[in-house]
Amino acid sequence: MWARQVYPFAMIELPDSYKEYLAGKNQLFVDTVRPVLMQSAADKLHGVRVVDTHHGHQAHLDDTLPFGVVLEDID
């Protein structure tokens, strides 16, 4: 079984597509989504799906999306 990897987030550079996605978003949204974007940037394996729920936004890695892609969806 794979051990969970720990990444020094200060060293991870987000790809331009993720930076563009975050541009102009409010700080609460950025604080919610950025950790998952950073995990994606560290792994470079999958994109990120951001879901708009009745309680706010949730983000998760999505193995159906290529790295660098962010897809917004609704719950």
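Below is a table of values for the structure above.
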quantity: Enumeration of residues in region 57-75 that are surrounded by 12 or more Cβ atoms within 10 Å (Cβ to Cβ) and either in a loop (DSSP other than H, G, I, E, B) or acidic (Asp, Glu) (or both); calculated: 62, 65, 67, 68, 69, 72
quantity: Of all residues making up region 18-50, the number that are in a strand (DSSP E or B), open to solvent by less than 20 Å² (accessible area, probe 1.4 Å) and out of contact with any Pro (no Cβ under 6 Å at 6 or more places or on another chain); calculated: 2
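The values are calculated or read from the model by the stated rules, or taken from the named source; none is laboratory data. Here the structure is a predicted model, which is why all the values come from computation and not from measurement. When we count neighbours, we look across all protein chains shown, and the Cβ atoms used for this are built from the backbone with ideal geometry, even at glycine. Only protein heavy atoms, including side chains, enter the accessible area calculation; ligands, DNA and RNA are left aside. Shrake-Rupley method; radii C 1.70, N 1.55, O 1.52, S 1.80 Å.
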